[in-house]
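Okay, so here's the structure we're looking at.
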Amino acid sequence: MTLVTTSAGAFELDSQTLRIVHAVATYGSITRAAAALGYSQPAVSQHLRRVETRMGMPLVTRVGRGIALTDAGEVVARHAGVVLSALDSASGELSELSGLRAGRVRLSGFPSASSTVVPSLLRTMADQHPGIEIGYVEAEPPESIAAVRDGSCDVAIAFAYPTDPADAFGRLTEGLAVTTLFRDDILVLTPSDLEVDATSLGSLHDSTWIAGCPQCRGHLLDTCARAGFAPSIGYETDNAVAVMSMVAAGLGIAMLPALATTASPVPAGVTAHPTAGEHRLVVAVTRPDARALPAVDALLTALTAERPADRAA
């Protein structure tokens with residue numbers, strides 16, 4: 001509702017009253033105003049009388065065989081045009097949002113998701129919801145999750161290792177909504193001329209290891225500890241392509257998620273071995289009420305459908 005203020009005080013006016021008075025001013029009669037609004041003439045007359053009683057002053061007065069706006073009516077009519085235009089604009093914009101013809105989503109994801117899941121997701125959204133603007137920034141957890149928490153990101157594509165004994169991811173996402181997208185199996189990469197059984201990691205205790213991102217390094221240490229040894233880490237890099245190139249050069253062996261080998265195919269001279277069930281979960285992290293926003297809900301629906309078929313949970 002809007003307030004029209006006079007020296008007598010403040011009067012509450014609802015949008016229906018504004019529309020009626022504006023129509024009376026436009027068409028010059030209650031009968032024509034009622035017809036334009038789709039109301040009956042008695043209904044409009046009764047509404048005006050109720051408003052006039054509440055305000056304590058008339059809005060219209062009879063002049064000969066017609067009617068005219070009073071000074072109070074002129075005030076209401078003058079402001080009604082501006083207010084109704086703003087209300088109609090707001091209603092239209094809300095309809096655009098609810099109908100997914102407009103909106104904005106801020107998305108982030110880790111590097112291998114950037115090369116696999118994200119391009120297809122952005123293409124799907126552009127085809128199905130061209131009015132929704134999507135901003136994308138590459139970021140690793142925990143930075144991407146912190147961005148969701150502080151409101152600078154709407155959806156973060158992240159990953160979690162379910163075997164993490166400290167449950168760092170659970171603590172990091174406490175109070176946020178986490179949707180599992182798919183399971184991403186962990187592989188052991190070795191030079192092709194090295195005979196190994198990656199399902200028995202204990203047999204690799206004498207190897208030199210190449211570690212990846214901080215979370216991946218933590219998972220490597222945890223996995224090897226469960227296999228009964230501490231890995232000898234000779235090199236560290238966040239770049240999965242560099243990891244594979246180092247393995248190809250015979251500098252060591254490494255653990256990589258399968259998604260990373262999809263983003264950048266395993267080079268010649270490197271073999272990717274399956275492990276005994278080691279995996280991570282690729283997830284979407286949002287604020288708890290995120291799905292109440294139509295554009296975010298549409299993106300999450302599309303993202304869930306982007307699960308790689310050969311890695312689906």
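Taking the highest mean first, how do the peptides 39-48, 185-194 order by number of other beta carbon atoms within 10 angstrom per residue?
Order by mean packing, descending: 185-194, 39-48.
For a quick check, take a GNM of the chain with Cα springs below 10 Å and name the residue from A86, A295, A113 with the largest mean-square fluctuation.
Judging by the Gaussian network model, the answer is A86.
Using θ = phi - 60° and the Karplus curve 6.51 cos²θ - 1.76 cosθ + 1.60, what whole-Hz ³J(HN,Hα) does each residue of the stretch 39-52 get, with Gly and Pro shown as x?
10, 7, 4, x, 5, 5, 4, 5, 4, 4, 5, 5, 5, 4
Counting helices only, and only those DSSP H runs with n ≥ 4, report the 222 nm mean residue ellipticity of the chain as the sum of -39,500 (n - 2.57) divided by its residues, in deg cm²/dmol to the nearest 500.
Calculated from helices alone, the mean residue ellipticity at 222 nm is -13000 deg cm²/dmol.
What does the stretch 183-281 give for Rg and for Dmax, in Å, if only its C-alpha atoms count?
Answer for the stretch 183-281, Rg first and Dmax second: 11.8, 31 Å.
Treat every Asp and Glu Cβ in the chain as -1 and every Lys and Arg Cβ as +1, leave all other atoms uncharged, and give the resulting dipole magnitude about the Cα centre to the nearest 20 debye. Don't skip to the end; give the middle numbers.
Values: 22 positive and 32 negative charges, 413 e Å.
With only Lys, Arg, Asp and Glu charged at Cβ, the dipole is about 1980 debye.
Top mean-square fluctuation among P142, P119, P231, Gaussian network model of the chain, C-alpha springs under 10 Å?
Between P142, P119, P231, it is P119 that shows the largest mean-square fluctuation.
At 0.36 nm per residue, minus the direct Cα-Cα distance, what do R291 and L194 gain on full extension? Give it in nm, one decimal, please. List each step's numbers first, then the result.
Working: separation 97, 0.36 × 97 = 34.92 nm, distance 4.90 nm.
Taking 0.36 nm per residue and subtracting the Cα distance, the gain is 30.0 nm.
So if I restrict to the alpha-carbon atoms in the chain, what is the Rg, and what is Dmax, the biggest pairwise distance, in Å?
32.2, 107
Comparing V63, V51, V82, which has the greatest mean-square fluctuation in the GNM of the chain with Cα pairs linked when under 10 Å apart?
V63
What distance in nm separates the two pseudo spin-label positions at R62 and S120, each 7 Å out from Cα along the beta-carbon direction?
7.5 nm
Relative contact order of the chain: what whole-number percent is it, with Cα pairs under 8 angstrom and at least 6 residues apart?
19 percent
None of the figures in this text is laboratory data; all of them are computed from the coordinates on show. Just so it is clear, the model here is predicted, and its values are computed rather than measured. Cβ atoms come from the backbone with ideal geometry, glycine included; neighbour counts cover every protein chain shown.
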